[in-house]
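Taking it in order: structure first as structure tokens, then the write-up.
The numbers here are math on the coordinates, done by the rules we state, and not lab data. Quick caveat: nothing in here was measured; it's all calculated off a predicted structure. Cβ coordinates were reconstructed from backbone atoms using ideal geometry, including for glycine residues, and neighbour counts include every protein chain displayed.
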Amino acid sequence: MIKEKLYPAIFKRKSVRRFQQEKLDEETLRELMENTTKLTSLDSNIKTEFKLMDSGSVKGLLSIKAPHYLLFFSEDKEGHLINAGFLMQQMDLLLSSLGIGACWLGLAKPTDKKLKSSGMPFVISLALGKPSEPAHRESRSEFKRKKLSEIFQGEKYASLMEAVRLAPSGTNSQPWYFVEKDNVIHAFCSKKGKIKALLYERMNQIDMGIALCHLWVAAIHDGMQIDFFRASLTEEEIPKNYTYTYSAKILEGGE
């Protein structure tokens, strides 16, 4: 399974924005698409689909020109954006582990013809290909991220949250906050004003899925089992200026 390759990538991955325009070989592309069928969903009740397309199949405000684009389609259900981030980040980490450059694209869309090839709405895409810049960070100091104390309240699972702290997010907004209570970690997303919500709310939900993916990968690496669920929290349990998204129950030793 690809899970074992994901954890080391967390600490060196970067968004690659310059690509060689030479296409990846067919065997590599085939294996990448095979791996999309082996990913773990945050919510298995949401139908999803991956499509690998070339640059001629994508339109929109593309400041990043790549030979390939991995597009994600999903049913429009509650939680589908968080699920999208959770799934696509697994591919982002896998690509990094293979030395293939990748970058999240919030504005790119498939052409009308390609859009109709899926029976579900388009959600988000990754640009990918052979990088023409370093594919990895040389050290953790290159990450521009908030301090752990700014995103996490707790102690027991600080090592897991360090992996979450390094998660990428749209415009590096890092909208998450996590609260540890016993063996459960509750995840919250920062609230936005009406104008900012129009611009960022959709991507922030995807960002939350990315962060939860890092939490899941780190827990597996540390020999733990992690179960995601939706809890019924009181207003007092939700931090000010945040909204509740998900909870994660941590089971030590894979119980």
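Using bins 10 angstrom wide from zero, how does P(r) for the chain break down, in % of all Cα pairs?
Bins of 10 Å from zero give 7, 31, 38, 20, 5, 0 percent of pairs.
Using +1 at the Cβ of each Lys and Arg and -1 at the Cβ of each Asp and Glu in the chain, identify which of Ala108, Ser118, Thr48 lies farthest towards the dipole's positive end.
The Cα lying farthest towards the positive end belongs to Ala108.
When the Cα centres of segment 53-107 and segment 8-32 are compared, how far apart do they sit, in Å?
Measuring centre to centre over Cα atoms gives 12 Å.
Compute the acute angle (0 to 90°) between the alpha-carbon long axis of helix 26-36 and the principal axis of greatest extent of the alpha-carbon atoms of the chain; round to the nearest 10°.
Around 30 degrees separate the two axes.
Sort segment 8-135 into rounded, prolate or oblate with this rule: let a ≥ b ≥ c be the square roots of the eigenvalues of the Cα gyration tensor; rounded if a/c is under 1.5, and if a/c is not under 1.5, prolate when a/b is larger than b/c, oblate otherwise.
Oblate is the answer for segment 8-135, as a/c is 1.5 or above yet b/c matches or exceeds a/b.
What's log10 of I(q)/I(0) for segment 1-42 at q = 0.14, 0.32 Å⁻¹, Debye sum over Cα points only, no solvent?
For segment 1-42, the Cα-only Debye profile gives -0.49, -1.02.
Which of the lysines could a cross-linker span from Lys77 if the Cα-Cα distance has to be under 16 Å and same-chain partners fewer than 8 positions apart are dropped?
Lys47
Just to be sure I follow: if Rg is taken over the C-alpha atoms of segment 144-254 and Rh is the Kirkwood radius over the same atoms, what is Rg/Rh?
Expressed as Rg/Rh, it is 0.95.
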